[in-house]
Amino acid sequence: VEYVEKVCEQAKRYGSQIIILTGGEPLLHPHLEEMVDVIVRHGYRWHIVTNATLLDRLAKLVNHPERRRSLLMTSVSLDGAKAETNDHIREEGNFRKIMKAMAYMKGKGLPMGFKTSVNTLNIGEMEDIVNLAAKIGAAFVEFSHMHPTPELIRQKLILPRERWSEMDKEVMRLKNLYRMEISMCAGSR
């Protein structure tokens, strides 16, 4: 919490207006509510990137009126338009938990969207992911290249470099078809 306090004080000098909480999984941090309170007290908007599987913790975080007012966006990690694809990459039951969290956020009027790491299993589901986002009322879909780790390389999930332009073209095509924000994550390459 003290570190977040220092970051908030220093970031003002650079004109920063938004603090993004990411991880790992920020909802696992035992002092997350206190850290968001520091961010809010300093006048920042905040954005959280989460796998949304800890719905009780997310609800506790956003049900506080001041935190809710300064929430800019909730980005939810989704790695497939179907449970089969997403759960193969994440874990069994993950897709169902994400859909439950998205329904909760939609019902509460919370700003939300998807972050998807494109890989060899889900590159063919990019439009289906955007279509799912549109159906549930998400504000955006942000695609990125999956970051290589030894396990992801072993599973052959990393999209070969020669297919990156295929992904770029698909993002551009989808941007022209849908009214929501569709983008590539900055620095995803």
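Please tell me if GLY15 is without any contact (Cβ under 8 Å) to a residue 12 or more places away in the chain and closer than 26 Å to LYS97 by Cβ.
Numbers: without any contact (Cβ under 8 Å) to a residue 12 or more places away in the chain: yes; closer than 26 Å to LYS97 by Cβ: no.
Against the criterion (without any contact (Cβ under 8 Å) to a residue 12 or more places away in the chain and closer than 26 Å to LYS97 by Cβ), GLY15 does not qualify.
For segment 34-48, which residues satisfy the criterion of being out of contact with any helix residue (DSSP H, G or I) (no Cβ under 6 Å at 6 or more places or on another chain) and open to solvent by 20 Å² or more (accessible area, probe 1.4 Å)?
GLU34, ASP37, ARG41, GLY43, HIS47
Do any residues in segment 43-62 that are in a helix (DSSP H, G or I) have Cβ atoms under 8 Å from those of residues that are crowded, with 20+ Cβ neighbours inside 10 Å and of a type outside the set (A, V, I, L, M, F, W, C), where the two are at least six apart or on different chains, and which pairs are they?
LEU58/THR50; LEU58/THR74; VAL62/THR74
(1) more than 17 Å from the chain's Cα centre (by Cα); (2) of a type in the set (S, T, N, Q); (3) crowded, with 19+ Cβ neighbours inside 10 Å: which one isn't true of SER117, the others all being true?
Among (1) more than 17 Å from the chain's Cα centre (by Cα); (2) of a type in the set (S, T, N, Q); (3) crowded, with 19+ Cβ neighbours inside 10 Å, the lone unmet condition for SER117 is (1).
If you check ALA103 against the conditions, is it under 16 Å from ALA139 (Cβ atoms), open to solvent by 10 Å² or more (accessible area, probe 1.4 Å) and touching a residue at least 24 places away in the same chain (Cβ under 8 Å)? If you could, list the steps in order and put the result at the bottom.
On the way: under 16 Å from ALA139 (Cβ atoms): yes; open to solvent by 10 Å² or more (accessible area, probe 1.4 Å): yes; touching a residue at least 24 places away in the same chain (Cβ under 8 Å): yes.
Against the criterion (under 16 Å from ALA139 (Cβ atoms), open to solvent by 10 Å² or more (accessible area, probe 1.4 Å) and touching a residue at least 24 places away in the same chain (Cβ under 8 Å)), ALA103 qualifies.
Taking segment 80-100 on its own, how many of its residues are among the hydrophobic types (A, V, I, L, M, F, W, C) and crowded, with 18+ Cβ neighbours inside 10 Å? Walk me through it before giving the result.
From segment 80-100, those among the hydrophobic types (A, V, I, L, M, F, W, C) are 81, 83, 89, 95, 98-99; that's our starting set.
Remaining after also requiring crowded, with 18+ Cβ neighbours inside 10 Å: 81, 89, 95, 98.
Going through segment 80-100 one residue at a time, the tally reaches 4.
If you scan segment 9-23, which residues turn out to be over 16 Å from LEU61 (Cβ atoms) and either of a type in the set (S, T, N, Q) or assigned to a loop (DSSP other than H, G, I, E, B) (or both)? Please lay out each step first, then the result.
From segment 9-23, those over 16 Å from LEU61 (Cβ atoms) are 9-18; that's our starting set.
GLN10, ARG13, TYR14, GLY15, SER16, GLN17 - these are the residues of segment 9-23 that are over 16 Å from LEU61 (Cβ atoms) and either of a type in the set (S, T, N, Q) or assigned to a loop (DSSP other than H, G, I, E, B) (or both).
When segment 148-176 is examined, which residues are found to be under 26 Å from PRO111 (Cα atoms) and open to solvent by 100 Å² or more (accessible area, probe 1.4 Å)?
Correct list: MET172, ASN176.
Of the conditions (1) within 15 Å of ASN86 (Cα to Cα); (2) under 17 Å from the mean Cα position of the chain (by Cα); (3) of a type in the set (Gly, Ala, Ser), GLY124 satisfies every one except a single condition; which number is it?
(2)
Anything in segment 61-90 that is basic (Lys, Arg) and modelled with pLDDT under 95? List them, or say none. Talk me through it step by step, then tell me what you get.
Of segment 61-90, the ones basic (Lys, Arg) are 67-69, 82, 90.
The one that is basic (Lys, Arg) and modelled with pLDDT under 95: ARG90.
Take segment 132-150 and flag every residue that is within 17 Å of ASN122 (Cα to Cα) and out of contact with any strand residue (DSSP E or B) (no Cβ under 9 Å at 6 or more places or on another chain). Show your work before the answer.
Of all residues in segment 132-150, those within 17 Å of ASN122 (Cα to Cα) come to 132-133, 141-148.
Listed by number, the list holds a single entry, PRO148.
Can you tell which of ALA138, ALA134 is of a type outside the set (Lys, Arg) and surrounded by fewer than 19 Cβ atoms within 10 Å (Cβ to Cβ)? First the steps, then the outcome.
Details: ALA138 fails: surrounded by fewer than 19 Cβ atoms within 10 Å (Cβ to Cβ).
So the residue among ALA138, ALA134 that is of a type outside the set (Lys, Arg) and surrounded by fewer than 19 Cβ atoms within 10 Å (Cβ to Cβ) is ALA134.
Give me the pairs: first residue in segment 139-160 and closer than 21 Å to MET73 by Cβ and modelled with pLDDT of 95 or more, second residue among the aromatic types (Phe, Trp, Tyr) and not in a helix (DSSP H, G or I), beta-carbon distance under 6 Å, and six or more apart or on different chains, which are they?
From segment 139-160, the pairs are VAL141/PHE114.
The values are calculated or read from the model by the stated rules, or taken from the named source; none is laboratory data. Quick caveat, the model's predicted, so the values are computed rather than measured. Backbone-built Cβ (ideal geometry, glycine too); neighbour counts: all protein chains shown. With ligands, DNA and RNA removed, areas are computed over all heavy atoms of the protein, side chains included. Shrake-Rupley method; radii C 1.70, N 1.55, O 1.52, S 1.80 Å.
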